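Trainee: Dropping a structure here in structure tokens format, bear with me for questions.
All of the numbers you see were taken from the coordinates with simple rules; none came from a lab. Worth saying up front: this structure is predicted, and the values here are computed from it rather than measured. Cβ sites come from the backbone with ideal geometry, for glycine too, and all protein chains shown count toward neighbours.
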Amino acid sequence: MPKLNKMRKRQKFGFNRSRKRMRKTTEKHMSKNVRVTCDVLKNEWDTARPVKHNLESMGLVFDANSAIKTKSTKRKFVENLTKGVNAEEDDVTPPSEDSSNETEIEESDVVVKLRDEAEKSGKRSKFRLPAEDVRWVTKMMDRHGDDFAAMERDPDNIFQLTANKIRRRVTKFISVPEQFEPYARERGLLDDARQILDDDDYEEDAS
């Protein structure tokens with residue numbers, strides 16, 4: 001029986017594709033071949049089910065973007081405009097979303113075990129500022145304290161950092177205990193550091 005032309009077109013061999021590599025890629029992403037290194041997840045993992053179903057059954061999220069819904073800038077702008085119009089029409093304040101959406105979510109045993117392991121491990125961040133940045137930040141703090149506007153105008157600000165960028169760099173320096181504690185111990189600035197971290201008067205740059 002002669003073959004149809006449509007069937008022949010579908011069966012064209014792709015010389016630019018490696019069938020061996022394609023097979024390995026598909027087998028790697030199959031649910032039965034997924035490697036689970038975490039002991040807590042390994043005990044509850046079912047190789048016959050897809051990854052998404054396994055995570056959802058454990059109370060975990062497969063796609064963080066779908067779990068945490070974000071609004072675009074345009075949508076936020078339109079909502080703010082509509083809220084302003086409604087507020088002018090009637091001064092009745094709408095109920096807050098937090099009070100209406102206060103629903104307690106029960107945590108699964110897997111989530112509790114993972115949190116306990118994270119607390120027991122007690123891993124600390126290994127981030128350290130470069131020595132040159134530490135010298136520059138400490139010099140600025142000795143001269144101007146927490147006046148970031150004065151730091152911006154300082155002649156030693158050769159990179160022309162803005163006040164907000166300088167504030168972020170100082171805050172980062174304060175958040176590294178191994179580098180900040182010796183400096184604070186010599187000058188007695190522990191209380192001032194807490195005030196800088198809690199100060200919300202300076203807005204961060206969008207860039």
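Trainee: Please order S108, S66 by the number of other Cβ within 10 Å, starting at the fewest.
Mentor: If I rank by nearby Cβ atoms, fewest first, I get S66, S108.
Trainee: Considering only C-alpha atoms, what is the centroid distance from the range 52-67 to the range 115-157, in Å?
Mentor: Centre-to-centre (Cα) distance: 36 Å.
Trainee: What distance in nm lies between label points placed 7 Å from Cα along the C-beta direction at K20 and K83?
Mentor: Each label point lies 7 Å from its Cα, and together they span 6.0 nm.
Trainee: Counting only other residues whose beta carbon sits under 12 Å from that of R153, what net charge do I get with K and R as +1, D and E as -1?
Mentor: That works out to -3.
Trainee: Still on this structure, please answer the following. At a threshold of 8 angstrom on Cα-Cα distance, excluding pairs fewer than six apart, so keeping six or more, what relative contact order does the range 18-66 reach in percent?
Mentor: That works out to 25 percent.
Trainee: What order do you get for T171, T138, T26, T37 when you list them from fewest to most C-beta neighbours inside 10 Å? Let's see the in-between values first.
Mentor: Numbers: T171 14, T138 17, T26 10, T37 6.
Least crowded to most crowded, the residues run T37, T26, T171, T138.
Trainee: Right, another one. Hey, which of these cross-link pairs are over 22 Å Cα-Cα: K139/K165; K139/K172; K32/K69? Walk me through the numbers on the way to the answer.
Mentor: Working: K139/K165 16 Å; K139/K172 15 Å; K32/K69 31 Å.
K32/K69, as the Cα separations exceed 22 Å there.
Trainee: Something else now. Tell me, Kirkwood radius of the range 131-198 from alpha-carbon pair distances, in Å?
Mentor: Result for the range 131-198, one decimal place: 12.0 Å.
Trainee: For the range 18-66, take the alpha-carbon Rg, divide it by the Kirkwood Rh, and send me Rg/Rh.
Mentor: My calculation puts Rg/Rh at 1.06.
Trainee: Could you list M151, M22, M141 so that the one with the fewest beta carbons within 10 Å of its beta carbon is first and the one with the most is last?
Mentor: M22, M141, M151
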